[in-house]
Structure formats: C-alpha cells, structure tokens
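In what follows, a structure is listed as structure tokens, so that the remarks can point back to it.
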Amino acid sequence: PTLGNDVLIGSGSRVLGPIKVGDHAKIAAGAVVLAEVPPCPMLLICGRQDKAGFLLRFNRCWSQQQQLPLQWIDGAGHNANVDAPLVVNAAIESFVINLMADLPSQ
C-alpha cells in the first residue's frame with residue numbers, strides 16, 4: 001500500500017494490496033481495507049487570539065507543510081466555535097460548498 005500524509009491506521013487493521021490511502025484518511029481499528037481510500041478534506045480553523053501554547057505557530061506550519069487551508073477567526077480565542085459560532089459556521093459552510101463544486105458532475 002501507499003500511504004498519504006497524516007494517515008491514521010487503527011490498531012489491528014490491515015491494508016491489503018497495491019492500493020493508495022489518501023492524505024488525512026482515518027482507518028478504524030480492526031478494519032480490513034481492500035480498495036483505495038480517498039483523501040479526507042480538511043480545514044483548519046484557528047482563533048486569531050488563541051493563547052494556548054504555540055497553537056498559532058503550530059497551525060500555520062501544519063497548514064503550510066500539509067497544504068491545508070487555514071481559516072483565521074478574528075476576535076476568537078482557543079474555542080473559536082464558542083467565541084464566534086456564526087463566523088466558524090460560515091467558514092465550514094463555504095469549505096463544504098467549495099468541495100461540492102469540485103466534485104465531478106454525475
């Protein structure tokens with residue numbers, strides 16, 4: 001198998017054959033994987049006023065290294081979804097709409 005970046009494979013699971021597991025995919029413990037696993041879309045959301053350790057710098061680096069979109073939430077701290085729920089919800093909705101727009105038409 002070929003594993004993408006930031007893949008989590010649970011204990012006792014088996015990935016069998018010449019298949020690809022996409023970036024950020026999660027495979028449950030005990031699972032038997034026989035087919036390709038697509039990448040899992042991911043959006044990092046971070047409150048701009050987050051004071052918990054090095055999270056601002058960590059999220060910035062993680063976003064750059066993994067080529068993940070990073071949405072900064074102005075006026076929000078560590079719990080951005082509590083500090084600015086409407087802004088966080090709008091960011092998630094926009095992310096999902098963009099994902100849907102990128103899907104091939106059926």
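Counting alpha carbon pairs within less than 8 Å and at least 6 residues apart, what relative contact order, in whole percent, applies to the stretch 25-106?
RCO, the stretch 25-106: 27 percent.
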Taking trypsin sites (Lys or Arg not before Pro) as exposed when DSSP calls them loop (any state but H, G, I, E, B) and at most 14 other Cβ atoms lie within 10 Å, what is the longest stretch of the chain free of them, the sites themselves excluded? 52-106
Let me check something: with ligands and nucleic acids excluded, how do 58, 95 order by accessible area (1.4 Å probe), largest to smallest? 58, 95
Backbone HN-Hα couplings from phi across the stretch 62-72 [Karplus 6.51/-1.76/1.60, Hz, Gly and Pro as x]: 4, 4, 5, 5, 9, 6, 9, x, 10, 9, 7
Accessible area, probe 1.4 Å, largest first, for residues 21, 15: 15, 21
Formal net charge of residues neighbouring residue 25 (Cβ-Cβ distance under 12 Å; K, R +1; D, E -1): -1
To the nearest 10 square angstrom, how much accessible area does residue 97 have with a 1.4 angstrom probe? 100 Å²
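The values are calculated or read from the model by the stated rules, or taken from the named source; none is laboratory data. As the structure is a prediction and not an experimental result, all values here were calculated from the model. Note that each Cβ is placed from the backbone with ideal geometry, even for glycine, and that neighbours are counted across all protein chains shown. Quick note on the areas: whole protein, heavy atoms, side chains included, nothing else; ligands and nucleic acids left out. Shrake-Rupley method; radii C 1.70, N 1.55, O 1.52, S 1.80 Å.
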